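One structure is given here, and the rest of the page talks about it.
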Amino acid sequence: MSDSFNAFVVNKNDSGFSAGVQQLTLEDLPAGDVTVRVQYSSVNYKDGLACLPESPVVTSYPMVPGIDLAGTVVESSDPRFTAGDEVLAIGRALGTAQFGGYAEYARLSSDWLEPLPPGLTLKEAMALGTAGFTAALAIQRLEENGLRPGDGPVLVTGATGGVGSTAVNMLAGLGHEVAASTGKSTEHEYLQELGATKILSREEVSAHSDSPLEGELWAGAVDPVGADTTAYLLRTTRYGGSVATCGLTGGFAVNTTVLPFILRGVNLLGIDSVQCPEDVRAVVWKRLGADLKPKNLADSISHEVGLEEIPSVTASILGGGVKGRTIVRL
């Protein structure tokens, strides 16, 4: 292992806020029973928030952002992992309360690690990352609540984003009829290539309505947007259908009524990838290397960047300017 290595660090003190590449040493890393040589990370909406001067997610400074990482074990005191094992980690407190994936080395608890699933390379694992895991978890929850191919169209909102694009790809691969909503009129062809057969505008799925119930359109939905879009989905989902909500890029306040729940039996499913139980996490990652692995996974990587390019990408993702997944190459 190197005595020093590169890391992207955000810091805030009496001198102000800073964000950039710095040299760290292994002694700078937090406590943990496994040390990983990181090969790839990725950029998620939460990473964008971590890079803001007034971040709502970072709990202490200095901090190495990056809520995802994949690499090779170099040291371990846990018998479950040995040097040379390929592993990944997402969520937990990575990049917000403990140094995350934007560094060439990471030290963390072995309980936060997953063995690299069969069917995935380290790079593919980060092409999925938290976004892909969240999409897969949402689909699994929809299935557990009865969704099957042939039940009717499934709507994915925010469909050009990380969660949305992978959800479109996965659902289409499973045989579902997939509708996608986006605010980017230039990306319809991209969504069709992922498997969407119908595309709606952002305005269509976020418009205000005085009606608590509207026509029954969707057998299910994956919703990383929230706010008015979630309200739209609740009043337009078919009887017994489910809405898996997993994000808040459009806001967190939802103006709705109890009528979709008590008159149509609609289910609102909360999707949390951060504290997802270990047994569920293992099942989802296994599926991500098998039946849920997107057929267009390599094409979902729209950017591959180094540490120096992170600020431009995080600014873009917060502004809704990124499509697909951005991989950070360590």
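The values are calculated or read from the model by the stated rules, or taken from the named source; none is laboratory data. The structure presented is a predicted model; accordingly, all values stated were derived computationally and were not measured. Heads up, the Cβs are rebuilt from the backbone with ideal geometry, glycines too, and the neighbour counts pull from every protein chain shown. Accessible surface areas use protein heavy atoms only, side chains included; no ligands, DNA or RNA. Shrake-Rupley method; radii C 1.70, N 1.55, O 1.52, S 1.80 Å.
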- Message: Ignoring ligands, DNA and RNA, please state the percent of accessible area on region 1-73 from carbon and sulfur, probe 1.4 Å.
- Response: 46
- Rounded to the nearest 5, the percent of antiparallel DSSP beta bridges in the chain equals 60
- What residue among Arg238, Arg107, Arg80 shows peak mean-square fluctuation when the chain is described by a Gaussian network model with Cα springs under 10 Å? Arg80
- Relative contact order %, region 1-94, counting alpha carbon pairs below 8 Å whose residues are six or more apart: 27
- Positive-end residue of Asn44, Leu268, Ile90, charge dipole of the chain with Cβ unit charges: Leu268
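Rounded to the nearest 0.05, what FRET efficiency do Asp299 and Thr59 have when you use their Cβ-Cβ distance and R0 = 45 Å? Before the final figure, lay out the partial values.
Numbers: r = 36 Å, r/R0 = 0.79.
Efficiency for this residue pair is about 0.80.
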- Reachable aspartates and glutamates, given that their alpha-carbon falls under 19 Å from the alpha-carbon of Lys286 and they are not under 8 places away in the same chain: Asp68, Asp85, Glu86, Asp111, Glu114, Glu124, Glu143, Glu144, Asp272, Glu278
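For the chain, what does -39500 (n - 2.57) per DSSP helix run (n ≥ 4), summed and divided by total residues, give at 222 nm, in deg cm²/dmol to the nearest 500?
Values: 8 runs with 83 residues, N = 330.
Value at 222 nm, helices only: -7500 deg cm²/dmol.
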- Counting only protein heavy atoms and rolling a 1.4 Å probe, one gets per residue an accessible area for region 130-270 in Å² of 39
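Counting alpha carbon pairs within less than 8 Å and at least 6 residues apart, what relative contact order, in whole percent, applies to the chain?
Working: 784 pairs, mean separation 61.2, N = 330.
Once divided by the residue count of the chain, the mean separation gives 19 percent.
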- Item | Sequence-separation-based contact order of region 130-270, relative, with Cα cut under 8 Å and 6+ spacing, percent | 23
- Message: If you roll a 1.4 angstrom probe over the protein chains with everything in place, what fraction of the accessible area of region 130-270 belongs to carbon and sulfur, to the nearest %?
- Response: 51
